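Undergrad: Here you go, one structure.
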Amino acid sequence: MKEGVREKFMHYFTIAMIVIIIVGGLVIAYPTYRQRESLKEQRIELESRIKVKRSEIAKLIDNQRRFRTDPDFVEAIARQNRRVFPGELVFIFEKE
């Protein structure tokens, strides 16, 4: 009879140890999982910011190219900044 009790005890003890190991593993792994998810979100945000910056860089490169090759573009930018050709008469009307 004692062997039957001992076998039941060992059976339940083994099951309890397996459950404890599984729960312990989950408790240990959860912070790592949360950190990985946080890093994924940060990566997505950074990739979107990189995409925006790349489009800004492309726009600036295009403007640089136009400054070298497009005199009308240069004149338009100069006019926006109230620049004039030498000897040119300019009337500026200020909004009140």
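The values are calculated or read from the model by the stated rules, or taken from the named source; none is laboratory data. Since the model is a prediction, treat every value here as computed from it, not as a measurement. FYI the Cβ positions are ideal-geometry reconstructions off the backbone, even for glycines, and counts take in every protein chain you see. Heads up: the accessible areas ignore ligands, DNA and RNA and are worked out on the full protein's heavy atoms, side chains in. Shrake-Rupley method; radii C 1.70, N 1.55, O 1.52, S 1.80 Å.
Undergrad: Roll a 1.4 Å probe over the protein heavy atoms and report the accessible area of residue 20 in Å², nearest 10.
TA: In the full protein context, residue 20 sits at about 110 Å².
Undergrad: Mind checking which lysines have their Cα closer than 25 Å to the Cα of residue 40? Skip sequence neighbours fewer than 8 apart in that chain.
TA: 51, 53
Undergrad: Continuing with this model, one more query. I'd like the trypsin sites (Lys or Arg not before Pro) in the stretch 39-96 restricted to DSSP loop residues with at most 11 other Cβ atoms within 10 Å, sorted by number. Walk me through the numbers before you get to the answer.
TA: Details: sites: 40, 43, 49, 51, 53, 54, 59, 65, 66, 68, 79, 82, 83, 95; in loops: 82, 83, 95.
When the trypsin sites (Lys or Arg not before Pro) of the stretch 39-96 are filtered for loop state and at most 11 Cβ neighbours within 10 Å, 82, 95 remain.
Undergrad: Treating only the Cβ atoms of Lys and Arg (+1) and Asp and Glu (-1) as charged, compute the dipole magnitude of the chain about its Cα centre; round to the nearest 20 debye. Provide the component values of the computation, followed by the final result.
TA: Working: 19 positive and 14 negative charges, 80 e Å.
Using only the charged Cβ atoms, the result is roughly 380 debye.
Undergrad: With each pseudo-label sitting 7 Å past Cα toward Cβ, what's the residue 20-residue 37 distance in nm, one decimal?
TA: Between residue 20 and residue 37, the label points sit 2.9 nm apart.
Undergrad: Quick one: with all protein chains in place, what share of the accessible area of the stretch 14-96 is carbon or sulfur, to the nearest percent (1.4 Å probe)? Let's see the in-between values first.
TA: Values: 4990 of 8080 Å².
The nonpolar share, carbon plus sulfur, comes to 62 percent.
Undergrad: How much net charge surrounds residue 30 when only other residues with a Cβ under 13 Å from its Cβ are counted (Lys, Arg +1; Asp, Glu -1)?
TA: Combined, the nearby Lys, Arg, Asp and Glu give +1.
Undergrad: Moving to a separate point now. Roughly how many Å² of residue 12 are accessible to a 1.4 Å probe, to the nearest 10?
TA: Using a 1.4 Å probe on the heavy atoms, I get roughly 150 Å².
Undergrad: Sticking with this one: Considering only protein heavy atoms, with the full assembly of protein chains and a 1.4 angstrom probe, order 37, 45, 88 by accessible area, largest first. Working shown, then result.
TA: Numbers: 37 50, 45 100, 88 70 Å².
Per-residue accessible area, sorted high to low, gives 45, 88, 37.
Undergrad: With point charges of +1 on the Cβ of Lys and Arg and -1 on the Cβ of Asp and Glu, referenced to the Cα centre of the chain, which listed residue (80, 11, 27) lies farthest in the positive direction of the dipole?
TA: Toward the positive end, the furthest listed residue is 11.
Undergrad: Can you give me the accessible area per residue for the chain, using a 1.4 Å probe, in Å²? Could you put the intermediate results ahead of the total?
TA: On the way: 9710 Å² over 96 residues.
Per-residue accessible area for the chain comes out at 101 Å².
Undergrad: How long are the semi-axes of the ellipsoid equivalent to the chain, from square roots of 5 times the Cα gyration tensor eigenvalues, in whole Å, largest first? Kindly include the intermediate steps, with their values, before the conclusion.
TA: On the way: eigenvalues 1263, 40, 6 Å².
Equivalent ellipsoid of the chain: 79, 14, 5 Å, largest first.
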